[in-house]
Amino acid sequence: MRPHRERGIRRDTGGRIHAYVRVDGQLRFKRFPVGTSLETVRRWRVDTRASLQLTQPPTGTLAADIEPFLRQIADRPRLVAERRQQLEWWSARLGHLRRDAIEPGEVRTALAELRQTHAASTCNHYRQALFSLYQALDGRDAPNPVRDVKPFANPAPEARGLPYDTVRRILAAMSDRGSAMVKGKPRAAASAAKVRCRVLAFTGLRPSELMRYRPEHWDRTAQTLVVYTGKGGRTRTIPLSAPAVEALADLEAVGAIGPFSTSTVWRAFVRAAARIGIHGVRPYDLRHSYGTALYRAAGDTRLVKDVLGHSDTRTTERYTLGHVPEAMRLATARFEEHLGASSAPAAAERRAVFGAES
């Protein structure tokens, strides 16, 4: 392609003209057919530049400051994508305001609105995105309205693990056949969603880790699995039980290796649970079930932490909430026996005072 004398206009060897306009990071490109006059191309560039300038947010507003902030973190593409989505939400609410005029109350009101439909942790991520923008553009010690808005307190963790007889009932209620991927086509012979749930239930993998599974990660001799976490290239090796081995073999047999739709698996699992009268569950509870059962068998939080791939034992402690150690059960039983020996006189006294119904 031979460059034309004018900036933003290029002519290729076939005679077609390529033109582009860039305004504050926004790019518009157009290819003109052979024979188009340069005057037509110039007019397109002038009109396009004017339209882009009109759509640019006023300088100094929050909306105008998003792109400069994202350019500062351009070396972290995953974070850029996440921050862009969060800051576009802020822009829709406060983007028309000058950034240095936004008050903490306005930030607090917007977050309160978000909290009505999102978890506390999600709202805190949105808060952090705006906080980071102010810090990056103004400096750590500059006025920052987000600093005066306290993060939402995360709710106390709850036991999400299911007993394995319940897990097996839900798995049994899931359809053995897959759904039709294309309208008018026959259903798949085997349900990939069901097989994936079985793997999640008997390995404790995260859905994202299951998507990274490849047959070479499974050592058939030692019956162990190398798990690729996707976090800084870290891996861990876990032992496989007989049900896990069967589930992985079926996963390969039905060709369910690789990325999949988590929403499809979620719907299949939730519908099967509702079919047998169980509500409020989710596929991720299978990981909690695995962790809880492993802790019940081993009684070692650090072991569960290593198998599940947690970086902090405080995360693992959530998986112990559904387990009552046998020592506690035995102590409670002995306490009841002690009460039984001394409660007969008290019971007779209560009947005398309150009547036979007590």
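Every number in this text was worked out from the coordinates using simple rules, so none of it is lab data. Predicted, not measured: the structure shown is a model, and the values here were computed from it. Please note: Cβ atoms are built from the backbone with ideal geometry, for glycine as well, and neighbour counts cover all protein chains shown.
Most tightly packed first, judged by the mean number of other beta-carbon atoms within 10 Å of their residues, the peptides 126-137, 72-83, 94-105 read 126-137, 94-105, 72-83. Between T117 and R28, the distance separating the two model label sites (each 7 Å from Cα on the Cα→Cβ line) works out to 3.1 nm. Ranking Q128, H96, P143 by how far each Cα lies toward the positive end of the dipole of the range 70-148 (charges on Cβ) leaves Q128 at the top. Extension gain for the segment A172 to T262, taken as residue separation times 0.36 nm less the Cα-Cα distance, is 30.4 nm to one decimal. Under 17 Å of direct C-alpha separation, and excluding same-chain neighbours fewer than eight residues apart, K30 reaches these aspartates and glutamates: E6, D12, E39, D47. Counted residue by residue at 0.36 nm each, then reduced by the alpha carbon distance between them, the extension gain from R78 to H125 reaches 15.5 nm. The orientation-averaged projection of the convex hull spanning the C-alpha atoms of the range 201-299 amounts to 7.5 square nanometres. Over the range 70-148, the reciprocal of the mean inverse Cα-Cα separation, the Kirkwood hydrodynamic radius, stands at 13.0 Å.
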